[in-house]
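All remarks here apply to the structure that follows.
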Amino acid sequence: MRVLIAEDAKDQRLLLKALLKKQGYDVVDTENGAEALQVLQENPDIRLVVSDWIMPEMDGPELCRKVRSDAFDRYVYVILLTGHEDQDAFIQGLEAGADDFVHKPLNADELRVRLKAGARVVGLEQRLDERNRQLGENLEQLEADLRLAGQTQMSLLPEAGCLQGVTMEWFFQPSRILGGDMFGYQELDEQHICFYQLDVSGHGIPSALFSFLLHHMLSDTAGSDSLIKQATSHPPYYQIMPAPSVVEALNSRFQASPDHMIYFTIAFGVMNTQTGIVELVQAGHPHPLLIRKATGDIIRTGKGGVPVGMIEGITYEADCIQMQPGDRLLLYSDGLIESSNPEGEQYSVEKLEALQASVAGKELKEARDITEQALHDWCGDDRFDDDMTFLMLEWQPDS
Amino acid sequence: MPFENKAEGDWTVVKVTDMRLDAAQAEPFRKHVLTEIDAGQSQFVIDLESVIFMDSSGLGALVACLKQLGGQGEVRLAGAGGAVKDLFELTSMDKLFKMFDNVEAALAGDGA
């Protein structure tokens with residue numbers, strides 16, 4: 001281990017150097033505090049210092065203060081040499097930041113044990129530093145992985161657009177990098193689309209992984225075990241599954257255990273884009289809002305239901321909705337209506353309904369932007385407590 | 001202890017004394033009741049009168065108790081009001097639990 005000496009008296013310096021070398025230390029010697037400080041700054045591996053008290057340019061206590069200042073990035077163990085025996089000097093030295101004292105005239109045994117104690121502390125500090133560094137690296141790696149997973153999640157989300165006369169706009173904001181919310185929509189055949197928005201209980205990685213899996217299952221319209229569209233032996237050789245069967249199939253597939261209660265709420269709909277009839281299942285999810293263009297009425301849709309994965313054998317009932325041209329549906333996660341303003345007041349369904357009524361006459365994209373802005377304004381900053389997602393659909397059939 | 005147990009005949013009344021049954025309290029609650037179930041208790045009344053806020057993890061904890069019983073027992077919920085009642089309605093919890101206005105009604109088994 002390297003030891004730095006600061007001692008202005010040449011004979012004392014040489015004596016100290018000889019003693020320390022004999023005890024197996026690698027010694028660097030300097031003539032005052034300023035010189036010692038410079039060597040410490042240039043040699044980050046030196047963590048043990050034996051310094052005289054009174055020296056020109058910078059004395060021992062001042063050297064202590066410098067290495068204890070915030071500007072200094074590591075712990076250095078400082079032993080002050082003192083001829084003083086009085087209490088005041090002792091306190092002054094400790095206040096300056098000295099770790100220990102060795103009395104002059106030097107006693108080889110005393111010096112040896114005090115340095116040994118110092119080396120022990122320095123060893124401990126170094127191990128702590130190393131562990132902190134490793135933790136920091138691991139954390140960085142984890143965060144990089146999370147950001148990557150967050151990008152993957154974003155890449156699963158469909159683009160805003162139009163399917164068979166149904167215009168889609170959405171907003172998706174995980175409370176952390178990853179969220180347990182998910183949504184999607186797709187064509188099932190020339191005149192049917194399906195859409196959903198779901199919210200896995202909890203937040204973060206476990207919820208996000210589950211939401212990825214659900215997204216995958218709800219995107220599968222061609223596989224032999226697709227929940228949404230199944231092959232039949234007669235024309236048209238497929239069957240679009242009723243919305244309740246899809247949710248019931250998910251419920252039987254994903255039963256939570258008492259030790260691991262992970263489940264999800266979902267609003268899932270199948271729409272006939274020719275007739276405007278929507279079959280909508282709501283399982284523990286907030287009621288999707290139907291926004292009537294002609295009257296500006298806002299109607300809470302859905303017949304309710306238990307969240308998916310809670311209890312086996314649950315049946316679900318679809319709400320059958322007749323859309324009119326220009327009507328909208330808004331699916332959203334509870335994070336929206338439960339988001340709190342700085343005063344702790346929740347946003348509420350009522351406010352969301354009033355907002356949708358006020359933007360019913362605007363273009364869908366503008367309605368989406370206004371809704372997002374209202375949520376930001378309500379929360380007061382860019383950070384949300386819960387995942388927030390909404391999906392807006394507007395039916396405008398070709399006529 | 002945020003939960004208080006009281007024996008009423010064959011029933012164990014578990015009172016949640018905290019105002020919130022959320023992510024922080026759900027796990028202790030689940031463990032608390034599951035320990036009782038492991039000890040052989042099978043009939044519970046959960047007193048939610050003091051609870052003003054419950055989230056999905058609180059809901060999960062209640063259902064975990066039900067699942068742990070596996071049909072060999074009963075969990076009745078008492079005194080849910082306000083936002084807790086709204087949450088139960090939204091998630092159709094009445095399909096899973098019998099709901100009562102208060103502990104007395106739950107023990108008597110009528111009302112709801």
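The values are calculated or read from the model by the stated rules, or taken from the named source; none is laboratory data. Everything numeric in this text was worked out from a predicted model, so none of it was measured. Heads up, the Cβs are rebuilt from the backbone with ideal geometry, glycines too, and the neighbour counts pull from every protein chain shown. SASA here: full protein model, heavy atoms, side chains in, ligands and nucleic acids out. Shrake-Rupley method; radii C 1.70, N 1.55, O 1.52, S 1.80 Å.
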Exception for A:Pro236 within (1) crowded, with 23+ Cβ neighbours inside 10 Å; (2) on the phi < 0 side of the Ramachandran plot falls at (1)
Inside region A:18-123, counting only helices (runs of 4 or more DSSP H) that do not spill past its ends, which hold 1 or more residues that are buried (at least 17 other Cβ atoms within 10 Å of the Cβ) and under 41 Å from the mean Cα position of the chain (by Cα)?
A:33-42, A:60-68
Looking only at region B:42-51, decide whether some residue is part of a strand (DSSP E or B) and within 30 Å of A:Ala267 (Cβ to Cβ).
yes
How do the pairs read when you match residues in region A:39-62 that are on the phi > 0 side of the Ramachandran plot with residues anywhere that are assigned to a loop (DSSP other than H, G, I, E, B), using Cβ under 7 Å and keeping only pairs 6 or more apart or on different chains?
A:Glu57/A:Asn32
Determine the pairs where a residue that is within 17 Å of A:Leu4 (Cβ to Cβ), located within region A:109-124, has a partner that is surrounded by fewer than 12 Cβ atoms within 10 Å (Cβ to Cβ) with Cβ atoms under 8 Å apart, the partner being 6 or more residues away or on another chain.
none
Given the condition modelled with pLDDT of 95 or more, in contact with a helix residue (DSSP H, G or I) (Cβ under 9 Å, 6 or more places away or on another chain) and more than 9 Å from chain B (Cβ to nearest Cβ), answer yes or no: does some residue in region A:285-295 qualify?
yes
Just to be sure, is B:Ala106 more than 17 Å from A:Asp259 (Cβ to Cβ), touching a Phe, Trp or Tyr at 6+ places or on another chain (Cβ under 8 Å), among the aliphatic types (A, V, I, L, M) and more than 12 Å from chain A (Cβ to nearest Cβ)?
yes
Just wondering, is there one or more residues in region A:349-364 that are in a loop (DSSP other than H, G, I, E, B), under 28 Å from A:Leu250 (Cβ atoms) and open to solvent by 10 Å² or more (accessible area, probe 1.4 Å)?
no
Could you check, for region A:154-169, whether at least one of its residues is in contact with a Pro (Cβ under 8 Å, 6 or more places away or on another chain) and among the aliphatic types (A, V, I, L, M)?
yes
Taking region A:317-340 as the search range and keeping residues that are part of a loop (DSSP other than H, G, I, E, B) and open to solvent by 20 Å² or more (accessible area, probe 1.4 Å), which one is nearest to A:Ile262 (Cα to Cα)?
A:Glu338
Considering only region A:247-279, state which residues are away from chain B (no Cβ under 14 Å), buried (at least 24 other Cβ atoms within 10 Å of the Cβ) and farther than 20 Å from A:Ser226 by Cβ.
A:Val278
If we keep only residues of region A:165-202 that are surrounded by 19 or more Cβ atoms within 10 Å (Cβ to Cβ) and within 14 Å of chain B (Cβ to nearest Cβ), then the residue modelled with the lowest pLDDT is A:Gly202
Checking A:Ser224 against (1) away from chain B (no Cβ under 14 Å); (2) farther than 30 Å from A:Asp398 by Cβ; (3) in a helix (DSSP H, G or I), only one condition comes out false. Which one?
(3)
If a residue must be open to solvent by 50 Å² or more (accessible area, probe 1.4 Å), more than 9 Å from chain A (Cβ to nearest Cβ) and among the polar types (S, T, N, Q), how many such residues does region B:46-91 contain?
1
Quick check on my filter: what residues within region A:365-385 are of a type in the set (Gly, Ala, Ser) and either in contact (Cβ under 8 Å) with a residue 60 or more places away in the chain or buried (at least 16 other Cβ atoms within 10 Å of the Cβ) (or both)?
A:Ala367, A:Ala374
Among the numbered conditions (1) open to solvent by less than 30 Å² (accessible area, probe 1.4 Å); (2) within 11 Å of chain A (Cβ to nearest Cβ); (3) among the acidic types (Asp, Glu), tell me where B:Asp94 comes up short.
(1)
Which of the residues spanning region A:229-248 are in a loop (DSSP other than H, G, I, E, B) and of a type outside the set (Gly, Ala, Ser)?
A:Thr232, A:His234, A:Pro235, A:Pro236, A:Tyr237, A:Met241, A:Pro242
Across (1) open to solvent by 40 Å² or more (accessible area, probe 1.4 Å); (2) outside any strand (DSSP E or B), B:Lys6 clears everything bar (2)
Of the residues that make up region A:296-316, is at least one assigned to a strand (DSSP E or B) and buried (at least 17 other Cβ atoms within 10 Å of the Cβ)?
yes
Which condition breaks for B:Ala83 when tested against (1) assigned to a helix (DSSP H, G or I); (2) modelled with pLDDT of 90 or more; (3) more than 11 Å from the chain's Cα centre (by Cα)?
(2)
